[in-house]
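One structure is given here, and the rest of the page talks about it.
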Amino acid sequence: MNELSKKDIYFASAEDWMIPIINEKKNFDWKLSVMRWYLPDDVEIPENTMKTFPILKEHIEFIINESNYKQFLTQRYIRDRITKSFSACLYEDEQPAAWGLTHDYGALGSLHVTAKYRRKNYGKEILLSLIHQCRELGKTPFAQIEETNAAAISLVKKLGFIQDRRVTWIKCFE
């Protein structure tokens with residue numbers, strides 16, 4: 001902590017024991033605690049029953065507007081994620097109905113199903129697509145989910161993900 005500058009204001013995947021240490025030197029603007037889940041390599045998952053497609057650049061603004069995490073997202077970040085990594089989207093009437101992508105640290109995330117298409121297995125189909133794409137790259141799929149997000153936790157448990165540990169994302173005041 002003593003080697004950080006005032007411009008070092010972001011902390012990613014901080015474990016619980018780190019938070020008081022960071023907070024001794026820095027004041028938090030915001031923090032987001034999540035539980036990390038991973039899918040062991042030996043867990044078999046089903047194939048998709050619906051065809052997914054990559055997220056298109058023209059839908060970035062729509063995706064941000066629909067997100068529960070819009071305060072953490074920018075158009076630049078989403079554009080970066082869909083051009084530098086993989087994503088999955090189900091379209092209805094040429095509009096995204098459900099989608100997910102990978103974050104810059106490798107987690108599967110930003111899984112979202114618009115209200116009109118919930119309870120139709122769209123979230124599962126997106127997650128299955130992301131898992132398959134991740135495994136094709138030889139990586140272990142993992143996700144970070146808020147502990148209050150019962151629907152997402154239920155979904156990852158059904159697919160065989162294992163709870164790992166709580167991590168926190170922090171932005172400090174400069």
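The values are calculated or read from the model by the stated rules, or taken from the named source; none is laboratory data. Given the structure is predicted, the values throughout are model-derived calculations rather than measurements. All Cβ positions, even for glycine, are placed from backbone atoms using ideal geometry, and neighbour counts span all protein chains on display. When the accessible area is computed, the model is the full protein with side chains, heavy atoms only, and any ligands, DNA or RNA have been set aside. Shrake-Rupley method; radii C 1.70, N 1.55, O 1.52, S 1.80 Å.
Observations on the structure shown:
- Among residues of the stretch 36-56, those that are surrounded by fewer than 16 Cβ atoms within 10 Å (Cβ to Cβ) and hydroxyl-bearing (S, T, Y), counted: 1
- C134 fulfils the conditions (1) closer than 13 Å to F86 by Cβ; (2) touching a helix residue (DSSP H, G or I) at 6+ places or on another chain (Cβ under 6 Å) except for a single criterion, (2).
- Of the residues I82, I131, I63, I55, the single one that is within 26 Å of F161 (Cα to Cα) and part of a loop (DSSP other than H, G, I, E, B) is I55.
- Of the criteria (1) in a strand (DSSP E or B); (2) at pLDDT below 95; (3) closer than 19 Å to R81 by Cα, which one G106 fails: (1)
- The stretch 102-122, residues that are small (G, A, S) and in contact with a helix residue (DSSP H, G or I) (Cβ under 6 Å, 6 or more places away or on another chain): none
- Flag if A12 is surrounded by 16 or more Cβ atoms within 10 Å (Cβ to Cβ) and closer than 28 Å to R165 by Cα: no
- Flag if W30 is farther than 22 Å from R166 by Cβ and either touching a helix residue (DSSP H, G or I) at 6+ places or on another chain (Cβ under 8 Å) or outside any helix (DSSP H, G or I) (or both): no
- For the stretch 15-35, the set of residues classified as open to solvent by 50 Å² or more (accessible area, probe 1.4 Å) and among the basic types (K, R) consists of K25, K31, listed by residue number.
- Among the criteria (1) modelled with pLDDT of 95 or more; (2) open to solvent by 40 Å² or more (accessible area, probe 1.4 Å); (3) under 23 Å from A150 (Cα atoms), the one C89 does not fulfil is (2).
- Selection from the stretch 156-174 of residues that are open to solvent by less than 30 Å² (accessible area, probe 1.4 Å) and assigned to a helix (DSSP H, G or I): V156
- Search result, residues across the stretch 104-153 that are within 29 Å of F11 (Cβ to Cβ), small (G, A, S) and open to solvent by 50 Å² or more (accessible area, probe 1.4 Å): G138, A150, A151
- The stretch 57-72, subset in contact (Cβ under 8 Å) with a residue 24 or more places away in the chain and either within 15 Å of C134 (Cβ to Cβ) or touching a helix residue (DSSP H, G or I) at 6+ places or on another chain (Cβ under 8 Å) (or both), residue most open to solvent (accessible area, probe 1.4 Å): K57
- Scanning the stretch 3-24 for residues that are touching a helix residue (DSSP H, G or I) at 6+ places or on another chain (Cβ under 8 Å) and either closer than 9 Å to C172 by Cα or not in a strand (DSSP E or B) (or both) returns L4, F11.
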